[in-house]
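All remarks here apply to the structure that follows.
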Amino acid sequence: MEKFVRLTATACPLALSNLNTDQILPARYLKWPRSANLGRVLFQDLRCDADGKERSDFPLNQPAYREAKILVAGRNFGGGSSREAAVYALYDAGISCVIAPSFGDIFAQNAVKNGLLIAVLPEADVAELAAAISADAELPLSIDLEQQAISRGNRTYTFAVDPVSRNQLLNGWDDIDLTESNRDRIGAFQAEDQKRRPWAVPAKA
Amino acid sequence: MNEPQTLVDKLWSSHTITQREDDAALLWVDRHYIHEGSFHAFSQMKAYGRAIAEPGLTFGVADHYVPTRGRGHAIANPEIAAMVHNLETNATQSHITLFGLDDPRQGIVHVVGPEQGLTLPGLLIVCGDSHTSTHGAFGAYAFGIGASEVAHVLMTQTLWQKKPKRMRVTVDGQAAVGVGAKDIALAIIAQVGADGAQGHAIEFAGSAITALTMEGRMTLCNMSIEAGGRCGMVAPDATTYSYVKGRPYAPSGAAFDQAVEAWSALVSDDGASFDREVSLHAATIAPIITWGTTPDDALPIDARVPDPARETDPVRAEYLRNALDYMGLTAGKKLTEIAIDRIFIGSCTNSRIEDLRAAAAVLAGRVSKVPGLISPGSSIVKRQAEEEGLDRIFRDAGLEWADSGCSMCVGINGDIVASGERCASTTNRNFRGRQGPGARTHLMSPAMVAAAAVSGHLADVRPLLAGRTP
Ligand code: SF4
């Protein structure tokens with residue numbers, strides 16, 4: 001898995017709340033394989049009109065934010081469907097970090113598995129940050145995961161991140177390796193559990 | 001004496017294999033359900049060069065992409081055919097039992113699991129689908145996961161998770177006739193908000209919850225995710241045991257009795273503490289519909305469309321304007337004056353036999369003023385409904401009776417609501433574009449969808465039930 005330690009990049013404001021995974025990646029693209037560039041249909045129905053023409057008022061379409069690697073969004077970002085492809089779409093579009101007051105639980109778990117940082121900032125800080133990057137896109141944002149700090153110019157914010165995710169991102173850990181190192185424990189649990197809960201295995205239909 | 005424990009704590013500790021320093025626990029997975037969307041996970045597993053760990057604990061269902069019409073013939077759309085075929089190939093290669101397209105047990109994964117007796121109290125159940133919370137209705141710990149986690153479960157039958165906070169939602173009292181589990185669910189979501197239960201496992205308790213049938217409890221737990229909850233659950237009781245008993249994959253005979261004894265301990269102990277408590281009174285809940293683009297935009301049917309001009313919070317006012325614009329609604333309009341273009345009855349929220357009976361009770365002897373589709377939750381539900389003559393009632397009302405699948409809930413099989421059309425729907429998400437690009441969705445119970453159908457506009461089902469058995 002890819003590590004995330006530090007990042008300095010342009011940030012794009014997306015002032016909307018409840019940007020659920022249906023908005024991030026509409027369901028009709030869920031058939032696409034991982035090798036397809038899902039980034040080109042990120043936020044498709046918000047980004048483009050019914051004829052596929054870009055809407056100029058959508059921030060990611062504006063020249064100043066086209067290369068953004070960071071999104072500053074409203075609360076409950078990534079709620080709804082468990083589709084991990086929503087994370088693939090963000091990732092393929094070059095987004096490495098989303099800052100918001102809160103996130104959907106499943107989305108947050110999917111994000112970390114793909115090296116995407118989910119940074120939680122209080123609503124007032126997010127509003128201030130969004131206003132600042134809306135007024136001046138040039139000045140980049142710096143994110144330091146070790147310090148849990150976001151800085152822009154001489155303003156610094158401290159963000160919250162789930163410690164499990166932080167650990168995993170900083171180390172680039174793959175769950176599977178860690179699980180593998182617990183193989184014996186799993187075997188012992190399974191043997192004990194089959195005695196304790198014999199009814200838990202499916203009966204033969 | 002031991003600390004009193006919640007149901008969530010008991011289920012969590014009985015599945016914990018080990019715990020990491022940062023507090024993540026490695027959990028044992030009792031059941032893993034997969035559907036067509038699992039192809040990313042199988043690709044990941046192959047990329048790791050590994051094989052499935054426990055094929056006997058994994059069950060596949062074709063539901064998301066299956067056609068609801070013309071079954072028995074080849075699937076016309078090659079991309080959709082490939083999705084269904086891909087699942088079959090992966091299941092076969094990994095020796096997974098599959099309830100595939102032509103299996104008489106096929107249906108929506110969250111209907112089929114319980115129907116087959118695979119979903120049981122005390123189990124930890126995962127599926128790459130957010131509505132896996134449905135299975136919590138049995139007193140199981142059930143939650144949705146993403147593709148990387150699906151791959152991890154395939155390879156190890158375990159999952160690393162951080163323990164959620166515990167939230168209890170207590171609903172006491174008796175719900176009025178015409179008010180069902182969907183109304184209770186929407187009332188809860190309206191109260192706590194679409195992200196109100198984020199980071200929490202919800203236990204539903206109280207007399208109005210224990211009075212619910214298993215179908216009702218499944219509807220309720222299904223919607224936990226729409227309040228942002230990690231999972232939702234109801235402690236198992238006699239209602240649960242009698243539903244489970246005799247189902248194909250459930251324990252039987254002495255094993256069943258032994259299981260019931262173990263399941264009886266799956267309750268929150270007196271004095272157990274929750275991180276958060278919420279309570280509602282069932283008697284005050286009216287039939288509810290959603291008017292906007294998130295599930296917490298829910299109001300009683302006798303209310304009016306909210307007015308952004310009356311909103312003091314500018315962010316909220318802006319949201320309201322956008323939502324009304326997308327939904328094509330004017331502020332202040334009575335909800336019962338909103339004309340609809342079509343109806344849909346289906347989805348893992350409301351497509352079980354009881355849901356179909358509730359809709360039929362309203363539709364019997366009446367005609368729908370708009371076109372509509374009814375997709376039963378499983379092929380077994382379909383046959384049962386036909387034995388009960390419900391299909392006749394639906395057809396006589398002018399509605400289409402189709403085969404089982406996710407259908408118009410998510411639209412990826414081709415069953416979509418056209419852009420700009422307004423649909424009264426028993427589904428779970430009124431997100432922009434959920435039922436198709438530009439589609440306008442109003443969520444409600446099956447009885448309320450039936451009421452909207454016969455009225456041609458959103459309507460209160462209660463007067464339509466006068467003199468009938470709901
Ligand atoms: S019916 Fe809808 S919500 Fe349920 S599993 Fe299918 S797509 Fe998901």
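Read-outs throughout are calculated quantities, based only on the coordinates presented, and are distinct from any laboratory measurement. In this text the structure is predicted, and so the values were computed from the model without any measurement. Glycine also receives a Cβ, built like all others from the backbone with ideal geometry; neighbour counts cover every protein chain displayed.
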### Query
Say R0 is 25 Å: what FRET efficiency, to the nearest 0.05, do A:Gln147 and B:Val315 get from their beta-carbon distance?
0.25
### Message
Could you sort the peptides B:453-466, B:111-124, B:286-299 by per-residue average Cβ neighbour count (10 Å cutoff), highest mean leading?
### Response
B:111-124, B:286-299, B:453-466
### Message
Test of understanding: ordering B:Val305, B:Val449 by Cβ neighbours within 10 Å, fewest first, what list do you get?
### Response
B:Val305, B:Val449
### Query
On average, how much area does the Cα convex hull of segment B:168-256 cover when viewed from any direction, in nm²?
6.5
## Note on the structure
Simple SL model, points at 7 angstrom along Cα→Cβ for B:Glu337 and B:Ala74; separation in nm is 5.4
### Spin-label pair A:Ala64/A:Thr158, simplified geometry with 7 Å Cα→Cβ offset, distance in nm
3.1
### Query
In segment A:63-131, what GluC sites (Glu not before Pro) fall in a loop by DSSP, with at most 16 other Cβ atoms inside 10 Å?
A:Glu67
### Query
Taking a 30 Å limit on the Cα-Cα distance, which of the listed pairs A:Lys53/B:Lys46; A:Lys31/B:Lys382; B:Lys10/B:Lys46; B:Lys165/B:Lys382 fall beyond it?
A:Lys53/B:Lys46; B:Lys10/B:Lys46; B:Lys165/B:Lys382
### Query
How far apart, in nm, are two points set 7 Å out from the Cα along the Cα-to-Cβ line at B:Tyr326 and at B:Ala418?
2.2
### Query
In which sequence would B:Asp275, A:Asp177, B:Asp30 go, from the one with the fewest C-beta neighbours within 10 Å to the one with the most?
A:Asp177, B:Asp275, B:Asp30
#### Entry: Neighbouring partner chain Cβ atoms per residue of A:173-182, average, 10 Å criterion
5
### Task
Provide B:Phe256, B:Phe138, B:Phe59 in ascending order of the number of other Cβ atoms located within 10 Å of each residue's Cβ, fewest first.
B:Phe256, B:Phe59, B:Phe138
### Summary
Long-range amide H partners of B:Leu124, meaning residues 5 or more apart or on another chain whose placed amide H is closer than 5 Å, are B:Asp30, B:Arg31, B:Tyr141
### Task
Specify the inter-centroid distance of segment B:241-309 and segment B:61-101, based on alpha-carbon positions, in whole Å.
32
### ³J(HN,Hα), Karplus 6.51/-1.76/1.60, whole Hz, each residue of segment B:455-461, x for Gly, Pro
9, x, 8, 4, 8, 7, 6
## Note on the structure
On the formula 1/(1 + (r/R0)^6), with r taken between the Cβ atoms of B:Gln93 and A:Ala188 and R0 of 30 Å, the FRET efficiency rounded to 0.05 is 0.55
### Query
Where is the GNM fluctuation largest for chain A (alpha-carbon springs, 10 angstrom cutoff): A:Gln109, A:Gln147, A:Gln44?
A:Gln147
### Query
Out of A:Val112, A:Val164, A:Val120, any idea which swings most in a Gaussian network model of chain A, alpha carbons joined below 10 Å?
A:Val164
